[in-house]
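Notes follow once the structure below has been shown.
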Amino acid sequence: MLQTPSGGAGRGAAAADRLMSIGTVLNVLRDEFPEVTISKIRFLEAEGLIEPQRTPSGYRKFSAHDVERLGHVLRMQRDHYLPLKVIREHLEAMERGEAVQLPALGRQRDGDAVPESPEAPTAARIGREELLAAAGVGEEELGEWESYGLVTPLEDGVYGAEAATVASLIAELGRFGIEPRHLRVMKAAADREAGLVDQVVAPLRRHRNPQTRAHAEDRTKELAGLTVKLHAALVQTALGVRLP
């Protein structure tokens, strides 16, 4: 039986008998998670943590199981500060019937719960040779991209994993006659958009509450996804086309 976030069955039990709209789901969750938003729910769907049904016209319809799963995700973020990848693995293990133990929480002096000695994730890195191979280009081309700031090595001379995607797209555009110097305007626009997202998230990163700081990364990803979608929609509108 679907429980409301406050622990009772009332509104949730009635909702369990039917598929719910995203607005109804939002109302069910907000008792326990007042900061949850529709964009947050959509973000968790995009990350593969829930899979609501779709009507023929494309509207999302959530089952009681979807709402319970959402509650688990939000609770693990709030109470255990887990990244989405770990949450996904935890839920998959639960659905396989495996016994899964959440990480223990320690206490800070101010009484805020924090994970005990979490191991910080290491971002993926690729070497220069790997980047050249992934993009199918030579040193001269890569050097030109770097001169325009389109691809930037890290301090230790390696590149972030996204550099391979960027390099491949630059190479693909080059086949249409679009040169790296033409892409400076896109790089400048991306920097401005990133700056806007960072401006919104910065207060969360500086917050004294570790729970709030732990949510900063997810909020950054959520805003980044929305920004990318808006940018794509604006480009499509300007060109009068619709991508598949």
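Can you give the accessible area per residue of segment 144-210, in Å², using a 1.4 Å probe?
Per residue, segment 144-210 has an accessible area of 66 Å².
Measure off, as a whole percent, the carbon and sulfur share of the 1.4 Å-probe accessible area of segment 18-58, all protein chains present. Let's see the in-between values first.
Numbers: 1030 of 2180 Å².
Answer for segment 18-58: carbon and sulfur cover 47 percent of the accessible area.
Put a dot 7 Å past each Cα toward the Cβ at V235 and R78; how far apart are the dots in nm?
3.8
Please report the carbon-and-sulfur percent of the accessible area for segment 146-244; probe 1.4 Å, protein heavy atoms only, DNA, RNA and ligands left out. Spell out each step's value before the answer.
Details: 4150 of 6850 Å².
For segment 146-244, the apolar C and S fraction of the accessible surface comes to 61 percent.
Could you work out how far apart the two model spin labels at R192 and F176 are, taking each label as a point 7 Å from the Cα in the direction of the beta carbon, and quote it in nm?
In this crude spin-label approximation the distance works out to 2.1 nm.
Taking amide H positions as placed 1.01 Å from N in the peptide plane, with prolines and chain starts having none, which residues 5 or more places from V151, or on another chain, fall under 5 Å of its amide H?
Excluding prolines and chain starts, which carry no amide H, the hits are E146.
Got the relative contact order for segment 19-79 handy, in percent, Cα pairs under 8 Å and 6 or more residues apart? The partial results should precede the final answer.
Details: 47 pairs, mean separation 23.6, N = 61.
About 39 percent, as a whole number.
How charged is the neighbourhood of P180? Take every other residue with its Cβ under 15 Å from the Cβ of P180, and add Lys/Arg as +1 and Asp/Glu as -1.
On the way: positive: R175, R181, R184, K187; negative: E139, E140, E141, E144, E146, E172, E179.
Net charge around P180: -3.
The values are calculated or read from the model by the stated rules, or taken from the named source; none is laboratory data. Here the structure is a predicted model, which is why all the values come from computation and not from measurement. No Cβ is skipped: glycine too gets one built from the backbone with ideal geometry, and neighbour counts run over all protein chains shown. What goes into the accessible areas is simple: the full protein's heavy atoms, side chains included, and nothing from ligands, DNA or RNA. Shrake-Rupley method; radii C 1.70, N 1.55, O 1.52, S 1.80 Å.
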